[in-house]
1. How big is the antiparallel share of DSSP beta bridges in the stretch 5-115, given as a percent to the nearest 5?
2. Ranked from highest to lowest mean number of other Cβ atoms within 10 Å per residue, what is the order of the peptides 116-122, 57-63?
3. Could you state the angle between the C-alpha long axis of helix 96-111 and the longest principal axis of the C-alpha atoms of the chain, as a value from 0 to 90 degrees rounded to the nearest 10?
4. Compute the separation of the alpha-carbon centres of the stretch 88-119 and the stretch 10-84 and state it in Å as a whole number.
5. Determine, at each q value in 0.13 (inverse angstroms), the log₁₀ of I(q)/I(0) that the Debye formula gives when each Cα of the stretch 5-115 is one equal point scatterer.
6. Ranking request for peptides 10-17, 92-99: highest mean number of other beta-carbon atoms within 10 Å first, then the rest in descending order.
7. Output the peptides 102-113, 32-43 sorted from most to least packed, where packing is the average of other Cβ atoms within 10 Å over each peptide's residues.
Amino acid sequence: MESDPQKMVALLLGIPGARLIELRGTDDTLDLLIETEDRPVVCPECGSSVEFSGRVLEDLVASSAGGQVIRVTWRRRQWRCVTADCPVESFLENDAGIVEFNERVTAANSRFPLRPVVSAPSDWRNRL
């Protein structure tokens, strides 16, 4: 049985390498802020080195479990190519596990629609 909380979150969400940054709960929701594991990154256009240039927040498709709506926000890394003549100024990380999560949850929600919630989503801007 798994006991590492980070691995448990990755298993629960089905997103390999997902890491829980923070969890907030209300009576009807569970809000998770996650990020994916660090991986080597190069410019998708020219293959050169990149520099970290910040993060953006992206809300994933909401799901439900245990009678609560689960809202997941991905703290996504942004990169800048260091090559002056490269046409790519900046780009966001991509993750196949995130894409698969959104597809899987969208399909599940079409069969079992989420109930409406009254709780406002968590404001994660201070966690960038």
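Computed from the coordinates by the stated procedures, all read-outs in this text should not be read as laboratory data. Small disclaimer: the values here were computed from a predicted structure and weren't measured. Glycine gets a Cβ as well: all are built from the backbone with ideal geometry, and neighbour counts include every protein chain shown.
1. Counting DSSP beta bridges with both partners in the stretch 5-115, the antiparallel share is about 80 percent.
2. Working: 116-122: 12.6, 57-63: 16.0.
By packing density, highest mean first, the sequence is 57-63, 116-122.
3. 30 degrees
4. Here the answer is 11 Å between Cα centres.
5. With no solvent term, the Cα-only Debye profile gives -0.56.
6. Numbers: 10-17: 16.8, 92-99: 15.0.
The packing order, highest mean first, is 10-17, 92-99.
7. Details: 102-113: 12.0, 32-43: 15.7.
So the order, starting with the most tightly packed, is 32-43, 102-113.
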